[in-house]
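A quick write-up on the structure given underneath.
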Number of protein chains: 2
Amino acid sequence: MQTFFILSFLTSILAFLFALYLYLWVKRQKVVNGEIDRISLLIKKGADTFIAREYRLLGMFAGVVALLILVLFPSPIWSGRPVDNIMTAVAYLAGTALSALAGKIGILVATLSNGRCAESAQNGLKDAFLVGFRGGAVMGLLVVGCCLFGVAAVLMIAGDTSVLLGFSFGASSLALFAKAGGGIFTKTADVSADLTGKVELGIAEDDPRNPAVIADNVGDNVGDVAGMGADLFDSNVAAMTSALVIAQGLAMPGLAAMEMVLCYSLLGLFASIIGIATARVGKDGNPTRALNSSTYVTTAIFLALTAGATVLFEGFSWRIWLSSATGLIVGLVIGLTTDYFTDDTKPIVKRVAHASASGPAFTILSGTSYGFISCLPAMVGIALSALISYQLCAPMGDGCAIFGIAMSAVGMLSIVGMIISNDAYGPIVDNARGLAEMGGLGEDTIRTADELDSAGNTVKAVTKGFSIGAAGLTVISLLGAFMSETNVALAQLGKEAITGFDIMDPTVFFGLLVGASIPAVFSAMLILGVDKNAQRMVAEIHRQFDTIVGLKEGKADPDYSKCIDIATRGALRELIPAGMVAIVTTLLVGFIAGPAAIGGFLVGNIVSGLLLALFMSNAGGLWDNSKKYVESGAEGGKGSDAHKAAVIGDTVGDPYKDTAGPSINTQITVVSLVASLASALFASFSLFG
Amino acid sequence: MQTFFILSFLTSILAFLFALYLYLWVKRQKVVNGEIDRISLLIKKGADTFIAREYRLLGMFAGVVALLILVLFPSPIWSGRPVDNIMTAVAYLAGTALSALAGKIGILVATLSNGRCAESAQNGLKDAFLVGFRGGAVMGLLVVGCCLFGVAAVLMIAGDTSVLLGFSFGASSLALFAKAGGGIFTKTADVSADLTGKVELGIAEDDPRNPAVIADNVGDNVGDVAGMGADLFDSNVAAMTSALVIAQGLAMPGLAAMEMVLCYSLLGLFASIIGIATARVGKDGNPTRALNSSTYVTTAIFLALTAGATVLFEGFSWRIWLSSATGLIVGLVIGLTTDYFTDDTKPIVKRVAHASASGPAFTILSGTSYGFISCLPAMVGIALSALISYQLCAPMGDGCAIFGIAMSAVGMLSIVGMIISNDAYGPIVDNARGLAEMGGLGEDTIRTADELDSAGNTVKAVTKGFSIGAAGLTVISLLGAFMSETNVALAQLGKEAITGFDIMDPTVFFGLLVGASIPAVFSAMLILGVDKNAQRMVAEIHRQFDTIVGLKEGKADPDYSKCIDIATRGALRELIPAGMVAIVTTLLVGFIAGPAAIGGFLVGNIVSGLLLALFMSNAGGLWDNSKKYVESGAEGGKGSDAHKAAVIGDTVGDPYKDTAGPSINTQITVVSLVASLASALFASFSLFG
């Protein structure tokens, strides 16, 4: 084990050093244009302000939760094992801090890279791609490095995996709020800017006369970069945690279960480093292909390295290798089917664009329908991946089957460093496109930036499918973790162990139905948050155009900060209630109906959460690209009725895909972790359990 | 038992006679206005044509299925019990025939009542209400009478409840297609008529110049009357069947389980007869209140009568009475919460109307969000009802708990005669309103008809919540029926019995994820059917306005039949694939992964099916009433931007609430019945089961 701790630390440090090198490389790129410099500073200031206020709020929240943990979890402090409580509380705080750090650094690099990327777009695709991609890669490397380092450190110091649950809960509770808050911020601004700018005034997307334009660009950073970073940090930690918790419970001589978890994770990070280092695009190459091919390279390297490790190290198993490979390949397949439903060269996007010609109702109806259909392959994929890895590992012995599922999730998330790099690339080049327009860099540069941006959108669909699939597998294995934690508690109480959760038990069924409703309510609250907030911002934009003389003609500057302020205050107000609904309902169900109900609750939550997350992400991506497809000249092109309808579809899809959809991921993880952490409490006190 | 067979037949015959009396009463109302007569004849002809073509197609389908049943179900005919197969096949055909008959009679009465209702609206609310309500009541009495008669007859002749599964499958497979086909027809016409008429041309809803207006009225009959009738016939049969199958398996001396099922059902019908006979509205009374209060009267009578029966008959149990009362009361509560989310005197409708002032994207986003939130109380209600009746009946002995859940569903559906009457009232007065406008009966009459129509819409929300709740409980008890059928088959094969479905078993989990995707795919296919079909019809309406000289000015007649034809052909083309997806997936999962996977599949299907059905019904009702609220003058009233946005919301909601939402109900029932019927096959042949 010691070896793998050391290797984990070394790989993390290698990732940090490489990130530092890339950061310095990006920073060396020059900024000449004064306007771009001014605006990118405005964006940075807006993002910093929001993050500072958000983190202050979340800091207070984390403090309260840490106190609660100290007193109550994993068991009441008066029950005589205070060290466990202290360690769990500290691990919780470390988890929140690292997650916050990941978001903060992401914004730092992204706001540094966007202007540089815009300027280098003047020299063509090749350079600009590198700036955008390497900016994103700094984020990817740091997030995964922090994750590996953190998990290894907590495990080494605590010596017990149940403390890791606290660390993981810290990471995911922060991610829940960061994703929700950032998601509400970004979509408030995006929706308002589009509706007033594009639809009402007919001005371009990033026209500097629009008072919401800076808020929109700030949103890309706080929502897509910081929120997404926290989200994937959380998924990765949760996947490792659940695998380690189950591995510790195995006690199978001859199987180096915990070693494998660390080894696979560190090799994944190592493979991502190589993939990132080799990513390039030719002078007139295709950025989408470059991003995808580096993903495939990373996958191949990972598979080869882990196969090598299986040969080399004693106690490593080929069955586990196959499980993890299954997870990874299913992840890629889910990504590709997502791509089929959201890529504008494929038939579905064209059909929705065509339906738009009959009016916005048809845009909504057809997009909703294809969004629902798109869930099927991913759901079947996740189900198959769980089933295959279970069957592969069941012959190894008691409890190994569920460990197989956990390793399948670890496998799917192994290349997460690459995934985050690709994902963070998106908002950087999106910002760069805006800066190129606002800085007046000319048509050619904007076209180059557009091409980079479109690659970002396509790749985003793939990575989103990936992260939903990984979350699905992770929470399935967290279900196993919950059961083993509950059984530990039951054994201490002298009660009979749970062997499973029978659907025909009405307590389980009760939990199932309640759990299934939570993602619907949670996402509805987030969407309503965007809805309410955007209505306020639209009113403010109208006010500015009505009262600021010369704004429409471009002779006067709008008051950008007012819009940023509305988005900030709205996001901060809405993010806590939505997150609390999920956490509080879990505790309520557990304290009222006991562990069996929680088993059902978690499953209901996973099933409907996956369905809604896939639906919302895919439908949103579909509408976004249908709009772009119409804008490229189809169905009458810009300004046609089809375009107006497609813009409405895109506006509906925005909070689906960037606020609610990805937050559901985190919501299901948080709920699973809360359940595991509170399992001892549920086992001892529950009203009817 | 013999007594209850006789009582069931007598009550059914009483219902038939009362229906005949009401039918003759409606027929006696005079029709004077020639234009109304002409148009209502057009509607009748359109509906008859559609039904004839639909039934021909479904007849062929039923023939094929009956043959398959004959050869394969419940066990292959060569396995040596051919009588079972023959009886099941005959029962299947009887189920389809009675379901078809219910739809056919409903249309007959509805098309008879609509014109008469319009004309009597000239004399005021009181008379017109009675015509509309009694027309609906004919349908309600006949459907429930047929159900009770059919179930009692099949059970008496076959002497075994497993043949009832065939009868129930016949009823629900026909309902599935009738609901889907009718739903696609009605919304194709409705959406196209609204979009071209109201939005593009700014003419009134039922303006005779609109080529789709007759198709729209035909749709009310084939979708809302015939489809809804088949749907509730199916739910009622399924609830009785699952209760009887479980009751037969109980073999509990001293408990008259099967007798109770028949007794509760016949008392429910009896209570509905009294409720219908006493429904009245004063001269200036409130029709909504009249409809609701007769529902409450029926509920009270039912509870009193069943309490009396519990005292009177030996082997009846108060625990069962409480379970059934719980179901009924939870049904009412679900209806009331639905009302809260969809009534335009309550805050939610007003909020969505207010959001519409900011544009259609906000209409969609807020409606979707509240639709999702509205699922929570109903899901918790269904879960609680199942949990309470389980806990109530568990102390009675082995297997009684699940019988309690089944009786809770029977209780919820006991007043279904009243529910159908209220539900069928809706399309009758909706048609009457159209006829009053097209027949030129003047402003006052139209206003009266409008008032009746609005009551229909409000009550519809309540009855929809009711029928979804009942379907939920029914399929939970069908899960029990599936398990007991499977165990019979396993025992015959000498295999070990199933004691439950453990979520931690990855085969169950696999089924769960696949099952959860099916309602999403199924409803998407139906919505796409409407979407595609409406695009064709909109094109046809545009063509007519472009090519028929004088149509816009009202000097030339449109070609109504062309629109009816488009709706018919489209509906027939789309209804089979959607229904087949559900049936074929069930068989695939069963034959590949075996009974355990099917257990998970059914639960996944129930959970996501309930969630989506509630979401779609409620969001649709919410948008509909928001539009009406804006039309009543709020947010700028008719013609304002808010109105345009609200109309788009209503158009999206139409196929949600009238095509997909209510069809999901039937889909989950069909899947459960297919699973039960095929349980013996799954138990003996499955690839990995």
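The values are calculated or read from the model by the stated rules, or taken from the named source; none is laboratory data. Keep in mind it's a predicted model, so treat the numbers as computed, not measured. In this analysis, Cβ positions are derived from the backbone assuming ideal geometry, glycine residues included, and neighbour counts consider all displayed protein chains.
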When both residues are 6+ apart or on different chains and their Cβ atoms are under 7 Å apart, which pairs have a first residue that lies in region B:212-237 and is aromatic (Phe, Trp, Tyr), and a second that is in a helix (DSSP H, G or I)? B:PHE233/B:SER99; B:PHE233/B:ALA102; B:PHE233/B:VAL143; B:PHE233/B:CYS146; B:PHE233/B:CYS147; B:PHE233/B:ALA171; B:PHE233/B:ALA175
B:ALA304 - would you say it is out of contact with any Phe, Trp or Tyr (no Cβ under 8 Å at 6 or more places or on another chain) and either closer than 22 Å to B:CYS393 by Cβ or crowded, with 24+ Cβ neighbours inside 10 Å (or both)? yes
Considering only residues that are on the phi < 0 side of the Ramachandran plot and either at the interface with chain A (Cβ under 7 Å from one of its Cβ atoms) or modelled with pLDDT under 90 (or both), which ones fall in region B:358-367? B:SER358, B:PRO360, B:ALA361, B:PHE362, B:ILE364, B:LEU365, B:SER366
Looking at region B:345-364, which of its residues are surrounded by fewer than 24 Cβ atoms within 10 Å (Cβ to Cβ), not polar (S, T, N, Q) and not in a helix (DSSP H, G or I)? B:LYS346, B:ALA357
Any hit, region A:609-616, residues being part of a helix (DSSP H, G or I), touching a Ser or Thr at 6+ places or on another chain (Cβ under 9 Å) and more than 24 Å from A:GLY469 (Cα to Cα): no
With the requirement that a residue be crowded, with 24+ Cβ neighbours inside 10 Å, more than 10 Å from chain B (Cβ to nearest Cβ) and of a type in the set (A, V, I, L, M), what does region A:186-202 give you? A:ALA189, A:ALA193
Is there any pair linking a residue in region B:595-612 that is at the interface with chain A (Cβ under 7 Å from one of its Cβ atoms) to one that is hydroxyl-bearing (Ser, Thr, Tyr), with Cβ under 7 Å and at least six apart or on different chains, and which? B:VAL607/A:SER608; B:SER608/A:SER608; B:LEU611/A:SER517; B:LEU611/A:SER608
If I ask for residues that are farther than 18 Å from A:LEU490 by Cβ and either buried (at least 18 other Cβ atoms within 10 Å of the Cβ) or hydroxyl-bearing (Ser, Thr, Tyr) (or both), which ones from region A:73-89 would you list? A:ASN85, A:MET87, A:THR88, A:ALA89
Is region A:129-151 home to any residue that is at pLDDT 90 or above, assigned to a helix (DSSP H, G or I) and more than 24 Å from A:ALA19 (Cα to Cα)? no
Within region A:589-610, how many residues turn out to be in contact with a helix residue (DSSP H, G or I) (Cβ under 9 Å, 6 or more places away or on another chain) and surrounded by fewer than 19 Cβ atoms within 10 Å (Cβ to Cβ)? 1
Condition first: within 14 Å of another protein chain (Cβ to nearest Cβ) and part of a helix (DSSP H, G or I). Can you find one or more residues in region A:214-229 that meet it? no
Does at least one position in region A:331-340 carry a residue that is surrounded by 23 or more Cβ atoms within 10 Å (Cβ to Cβ), of a type outside the set (Gly, Ala, Ser) and farther than 28 Å from A:GLY166 by Cα? yes
Counted residues in region B:28-41 being in contact (Cβ under 8 Å) with a residue 40 or more places away in the chain, part of a helix (DSSP H, G or I) and surrounded by fewer than 18 Cβ atoms within 10 Å (Cβ to Cβ) come to 2
So which residues in region A:481-507 are at the interface with chain B (Cβ under 7 Å from one of its Cβ atoms), within 30 Å of the chain's Cα centre (by Cα) and assigned to a helix (DSSP H, G or I), if there are any at all? A:MET483
Out of the residues in region A:638-688 that are more than 13 Å from chain B (Cβ to nearest Cβ) and assigned to a loop (DSSP other than H, G, I, E, B), state the one that is surrounded by the most Cβ atoms within 10 Å (Cβ to Cβ). A:ALA678
Residue satisfying all of: in region B:369-404; at the interface with chain A (Cβ under 7 Å from one of its Cβ atoms) and of a type in the set (Val, Ile, Thr); nearest to B:LYS644 (Cα to Cα) among these: B:ILE373
Going through region B:406-446 in order, the residues found to be of a type in the set (S, T, N, Q) and in a helix (DSSP H, G or I) are B:SER408, B:SER421, B:ASN422, B:ASN431, B:THR445
Does A:ILE548 meet the test of being more than 14 Å from chain B (Cβ to nearest Cβ), in contact with a Pro (Cβ under 8 Å, 6 or more places away or on another chain) and either closer than 24 Å to B:ASP398 by Cβ or modelled with pLDDT of 85 or more (or both)? yes
What is the one condition in (1) surrounded by fewer than 24 Cβ atoms within 10 Å (Cβ to Cβ); (2) of a type in the set (A, V, I, L, M); (3) within 22 Å of A:ILE105 (Cα to Cα) that A:MET258 does not satisfy? (3)
Identify, by number, the condition in (1) of a type outside the set (Val, Ile, Thr); (2) more than 18 Å from the chain's Cα centre (by Cα); (3) more than 30 Å from A:ALA491 (Cβ to Cβ) that A:GLY254 doesn't meet. (3)
Which residues, counting only those in region B:389-429, are among the acidic types (Asp, Glu) and buried (at least 24 other Cβ atoms within 10 Å of the Cβ)? B:ASP423
Tell me whether region A:566-578 contains one or more residues that are within 30 Å of A:SER676 (Cα to Cα), part of a helix (DSSP H, G or I) and either modelled with pLDDT of 90 or more or acidic (Asp, Glu) (or both). yes
Test for A:ALA470: is it within 30 Å of A:GLY34 (Cβ to Cβ) and either within 14 Å of chain B (Cβ to nearest Cβ) or crowded, with 24+ Cβ neighbours inside 10 Å (or both): no
Give the number of residues within region B:508-539 that are surrounded by 24 or more Cβ atoms within 10 Å (Cβ to Cβ), more than 23 Å from the chain's Cα centre (by Cα), of a type outside the set (Val, Ile, Thr) and facing another protein chain (nearest Cβ under 7 Å). 4
